[in-house]
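Below: the structure, in structure tokens.
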Amino acid sequence: MSVDTKKIKKNAYRVTKTRGKTCLRVRVPGGHLPSQYLEIIKEIADKFGNGTVHLTTRQGFEIPGIDFSSIEMINQLISPMIVGLEKEIGVPLANGFDKGYPAAGTRNVSACIGNRVCTMANCDTTALAQKIERTIFPNDFHVKIAVTGCPNDCIKAHMQDIGVIAQVEPLYDETRCISCKACVKNCQKVATGALTMGNYKVERDPHRCLGCGECILKCPNAAWTRGNKFYRLVIMGRTGKRNPRLAQTFVQWASEDVVLGVIKNMYKYIDKHIDRTLEKEHVGYIFDRTGYNEFKNVVLEGIQLNPEIRIATFINFHGSIYDSQIIFENVTKA
Amino acid sequence: MAYILTHAEFDTVLQRLKQDYILIGPVRKKNKGKFSDADLITYGQIESLSDLETNGKSQFSAKETIFPPSQTLFYFTEDEYREPKFEPQKRIVFLRACDFNAIKRLDLLFLENGQFVDAYYKRLREKTHFFVFGCEKSYENCFCVSTGTNQCEGYDAFLNFKGEKINLFPSEPFKRYFAGYEENEDILPQFIERNHIQVDIPEGLSTKIYDHPYWDQYGKRCIGCGRCNFSCPTCTCFTMQDIFYRDNKNAGERRRVWASCQVDGFTDMAGGHSYRKQQGERMRFKVMHKIHDFAKRFNMHMCVGCGRCDDVCPEYISFSQCISGLKGVVAHDN
Amino acid sequence: MITNPYLPQPAEIISITKETTTDYTFRLKTDIQPDFGQFVEVSIPKVGEAPISVSNAQPGWIELTIRRVGHLTNELHELKPGDLLFIRGPYGKGFPKEQYRDKSLIIAAGGTGLAPVRNLINYYYQHPGEVRQLSLLMGFKTPEDILFKEDIEKWRSKFQVLLTVDKESPGWSGHVGLITNFVKDAVGENSSASRVIIVGPPLMMKFTSQEFIKYNIPEENIWLSFERKMCCGIGKCGHCRINDTYVCLEGPVFPYITAKNLLD
Ligand SMILES: Cc1cc2nc3c(=O)[nH]c(=O)nc-3n(C[C@H](O)[C@H](O)[C@H](O)COP(=O)(O)OP(=O)(O)OC[C@H]3O[C@@H](n4cnc5c(N)ncnc54)[C@H](O)[C@@H]3O)c2cc1C
Ligand code: HEM
Ligand code: SF4
Ligand code: SF4
Ligand code: SF4
Ligand code: SF4
Ligand code: SF4
Ligand code: FES
């Protein structure tokens, strides 16, 4: 059997354990989809696969057990879904929508359930994920991006190359505040202790405030209300063999335009610095080579910064220690 | 007798009224709800008919127009004190029948309870005129028909929105604003006649039910946030606060802010003594005030059946279901 | 012009008597003439306002005995004669003096509870014929907490005085034990005709009244004075309300038969 594995991988199929069988990966930008598409998934799995579907870590589907020879047929079948979930949100696909996915390097932009459902969420995470998808897809660079509605970070933005954490600026109307302290106690307990009570009114330390919106949720008298939406970007989080680590904050109180601009520019940064001798260098390792300042300079180039934004002056990642003699001992040794 | 105006005509009347009055009514504040991308309907100034939100119940009632959540009573300087220079402008407040009936309850408390008249309340009250608008439909949790507060009289004007037209019933002093518009002798004010919820306020309530285990469920469920009281059009409790200004210790003020019998601290006395420590006891205290204690003093129930306490409770505690359940308790015990 | 009931009037401090380390009596220059058992709202602008019972009054002045327990009362204790305080009132219903006329009256007071009845006792001291007999039963935590020591000595000359402390300290030769232990002694014979006033902390009032009832004092002959959080004193703020009763309006003094139905 002759299969161009590079070509099929780019088409979102993979080489699998079972010789002759492949597996289709379906993107769901923002992780929320009309239920009608489940019928397409089901049809492909039943007719061409082995009747099972895997729910992927990044909120897509993988349909295993497909013959390589069925790829073209399946690309036709999946077409309505690519139209609905990619074309409709503005993703440009040069070769049309009936040839399957044109790239697989940049992973599905995932999102927590967001403000369509969750009480804590500060934005429609699915909608933002779709805007990001539109900005960066299709692309071969290996990038993982996710959007989460609040600092609880249910989507694990801290494990992404770029994690977007929605923030809200809480606005305080002291004429509505009746000094119940619900917001103060709660911020103290579940957030950062940014609020204090003085003269029976609340003061917010903007340097401690996370923009989580808890105070707004707790206020019984709408003294706290929602101001503008902002975003915190955490970068270069990863798992994997080399140096797994949580992402660190790059900017906070950034506008949506800045977020989309930075993400777009990151691809320029990758293009500028990627080690092309490797099969596909992940952006985190590029970052480790170039350092923070070069990253910052390139991704902020030409971006109109909103006045509220705060940009990290440095980022310090922890490193793993791989020589197991340094910290591990053999306790069973005689 | 009704005047029949189109929306445009009524807007013209409003512009004329604006020359003599400030117009206040329920307004929709875009994205100011406690949850992200949700609106807040609350009281605010209106410039034209389109500002008036008649579609949806306001989270807060009209009471804040005459009894503000936080009100300065005195300003202090080093050795003198003065009342706020306070010449409230004449205002027209738009509100629903339940809320207008609630004003009667506020009047009883602030103007007639005890031998003193609350001067701050009276000053605003005297300048306030009420335009009541009929409800086209009953909202979730409304039970005004059960409390007899779906109907009202003594308003300055009554309005029924009828599609393209508005039926208007001004009192004598306001008739001059409507002179010349279409009149119809036969049309009468229309009040909402049915709610989804019916409540039968039990007779024969007494201190006998105080120790009943019925209240225990609320001890477990209520978080003591006070939303039910702050949103209630008939709650009148307040707490005094004295402060001096940070930047000038010689100057300060005395103010009063809304208080809630569900919130910690309501009965706190020096030395750490307090009453009704359990939330269940506080629920009982509130419920008894609304459907028994107030009526014993003033011969009408305090509750006007607006259902806001149900609307806003984050723990889905239903006041109307509590009353209905209480009926069973009383029937069983007597 | 509407009169503003929240408007306080300045009152100059004429003198300050330190009854104990934590209780000071302030004599204020004022024209108000309170009934026995009424209270005033006292404030220091920018600091706060609190209800305080009138512990003594004569034309031209009143006395307030204030325990240092918190924000406002701490500041009050910093004041000196000549300083200004602000007051409004008097408020509330006091003791129905007419109902005690020619009767045997027993006043049982615990701790600062003596303050609201001191004025009444002083009145009977000056008009001893108005009641048939007056017995005072007073309890304090320790001898150091005893209030109005001079008055008490003075009262001994005309009334039966029973002074007890919960815990003695060196030098104390008087009674030791809770007030409730001495109710029996205070009641004496012919108890059903006696009138009784009980003022003190909530638990003290509860147990002391039970004790008096045990010794055949009819419920309708007992009066209590309540304490509740109060922010306005005039029936508006709602803090003092119990059932359909406003303690600031219908109280703080209540007949026992009313009080026993005031359940929280
Ligand atoms: C009718 C009546 C008569 C009283 N008579 C006396 C008296 O003669 N002598 C005396 O020392 N004390 C008296 N008190 C108690 C006195 O009012 C409180 O000790 C005082 O309010 C404490 O204020 P603070 O700011 O120092 O204390 P904090 O503990 O700092 O008070 C905080 C707040 O709690 C409120 N508060 C606390 N305790 C009470 C209370 N018991 N009643 C009302 N509000 C309270 C006040 O509004 C104050 O703003 C009386 C109380 C009442 C109701
Ligand atoms: C040929 C090599 C690889 C292939 C084909 C591959 C494929 C994939 C795919 C398809 C996903 C996304 C699954 C989804 O959409 O839900 C994924 C996720 C992931 N991959 Fe790989 N991967 C490869 C190499 C690596 C390497 C080298 C690393 C680590 C350095 C890595 C780390 C991860 C991680 C951490 C995730 C999940 C991230 C998350 O939680 O969002 N992968 N991989
Ligand atoms: S947004 Fe969050 S961190 Fe900021 S003040 Fe409110 S609760 Fe605290
Ligand atoms: S929760 Fe709201 S009302 Fe309560 S203290 Fe905070 S801002 Fe004020
Ligand atoms: S108790 Fe509830 S239903 Fe009754 S008036 Fe108040 S908010 Fe409305
Ligand atoms: S229900 Fe509670 S907060 Fe409302 S008026 Fe009654 S006592 Fe006050
Ligand atoms: S709104 Fe609900 S949870 Fe909050 S105090 Fe009222 S009953 Fe309790
Ligand atoms: S003290 Fe305010 S109502 Fe009684």
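Where a number appears in this text, it was derived from the coordinates with a stated rule and is not lab data. Since the structure is predicted, the reported quantities are computational estimates derived from the model, not experimental observations. Backbone-built Cβ (ideal geometry, glycine too); neighbour counts: all protein chains shown.
Here are the numbers for the structure shown:
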read-out	value
B:Glu140/B:Leu111 FRET efficiency (R0 56 Å; Cβ-Cβ; nearest 0.05)	0.95
Across B:Lys208/C:Lys214; B:Lys296/C:Lys236; A:Lys87/B:Lys30, pairs whose alpha-carbon gap is larger than 22 Å	B:Lys208/C:Lys214; A:Lys87/B:Lys30
Distance in nm between pseudo-label sites at C:Lys103 and A:Glu301 (7 Å out along the Cβ direction from Cα)	9.7 nm
Quotient of C-alpha Rg and 2.2 N^0.38 Å, computed over the range A:159-282	1.40
Rh by Kirkwood over Cα pairs, then Stokes-Einstein D for the range C:116-264 at 1.306 mPa s and 10 °C, µm²/s	95 µm²/s
Under 23 Å from the Cα of A:Lys296 - lysines, other chains or at least 8 residues apart	A:Lys131, A:Lys144, A:Lys156, A:Lys229, A:Lys264, A:Lys268, A:Lys272, A:Lys280
For C:237-249, mean number of other protein chain Cβ atoms within 10 Å	6
On Cα atoms only, tilt of A:37-47 relative to the major axis of chain A in degrees	30 degrees
Coarse-grained scattering of chain C at q = 0.16 Å⁻¹, given as base-10 log I(q)/I(0) from a Debye sum over alpha-carbon atoms	-1.27
Rounded FRET efficiency, nearest 0.05, which uses the C-beta distance separating B:Gln89 from A:Thr192 and R0 of 60 Å	0.90
Given charges at Cβ of Lys, Arg, Asp, Glu: the range B:190-334 dipole, positive-most of B:Phe285, B:Pro213, B:Gln198	B:Phe285
Shielding score for C:223-230, defined as the mean number of other chain Cβ atoms within 10 Å	3
Choice from C:Pro34, C:Pro45, C:Pro252 with maximal GNM fluctuation in chain C (Cα, 10 Å cutoff)	C:Pro45
Nearest-ten-degree value, helix A:125-136 long axis tilted from longest Cα axis of chain A	50 degrees
Only Lys, Arg (+1) and Asp, Glu (-1) charged, at Cβ; the range C:183-264 dipole about Cα centre in debye	260 debye
All-pairs Cα distance distribution in chain B, expressed in whole percent, bin size 10 Å	5, 22, 31, 24, 13, 4, 0
The protein assembly as shown - convex hull of alpha carbons, volume per residue in Å³	283 Å³
Unit charges at the beta carbon, dipole of the protein assembly as shown: most positive-side option, C:Gly238, C:Ser169, B:Val132	C:Ser169
Within the range A:110-311: Cβ-based charge dipole about Cα centre, in debye rounded to nearest 20 (Lys, Arg +1; Asp, Glu -1)	480 debye
Sites A:Leu278 and A:Glu72, calculated FRET efficiency, Cβ-Cβ separation with R0 25 Å, nearest 0.05	0.20
Diffusion constant of the range B:41-115 at 10 °C, which comes from Stokes-Einstein with the Kirkwood Cα-pair radius and 1.306 mPa s, µm²/s	105 µm²/s
Distance between modelled label sites at B:Asp333 and B:Ser274, nm, 7 Å Cα→Cβ extension	2.5 nm
Counted charge near C:Gln9, where neighbours are those whose Cβ lies closer than 12 Å (Asp, Glu -1; Lys, Arg +1)	-1
Selected from A:Phe137, A:Phe314, A:Phe97 as most flexible by GNM, with chain A as the system and alpha-carbon contacts under 10 Å	A:Phe314
Global geometry of the range C:14-77, whether rounded, prolate or oblate, following the gyration tensor of its Cα atoms and the 1.5 cut on a/c	prolate
Hull volume in cubic angstrom per residue (convex hull over the Cα atoms of the range C:111-190)	97 Å³
Net charge dipole size for the protein assembly as shown [Lys, Arg +1 and Asp, Glu -1 on Cβ; Debye, nearest 20]	2540 debye
Dipole of the range A:110-311, positive direction: furthest Cα of A:Ala129, A:Gln188, A:Met159, with charges on the beta-carbon	A:Gln188
Alpha-carbon Debye profile of the range A:5-89, log10 I(q)/I(0) at 0.12, 0.16 Å⁻¹	-0.31, -0.57
Overall dimensions of chain A by Cα: Rg and Dmax, Å	22.9, 79
Segments C:141-150, C:103-112 sorted - mean Cβ within 10 Å per residue, highest first	C:103-112, C:141-150
Within a Gaussian network of chain B (alpha carbon springs, distance under 10 Å), most fluctuating of B:Asp99, B:Asp20, B:Asp51	B:Asp20
Per-residue mean of C-beta atoms belonging to partner chains within 10 Å, peptide A:41-53	0
Cut-off 19 Å (backbone N to label point 7 Å along Cα→Cβ of A:Asp288), residues of the range A:132-154	A:142-145
Two-site label geometry, A:Glu203 and B:Thr6: point separation in nm, points 7 Å out along Cα→Cβ	5.7 nm
Cβ-defined net charge surrounding A:Thr175, 14 Å radius [Lys, Arg +1; Asp, Glu -1]	0
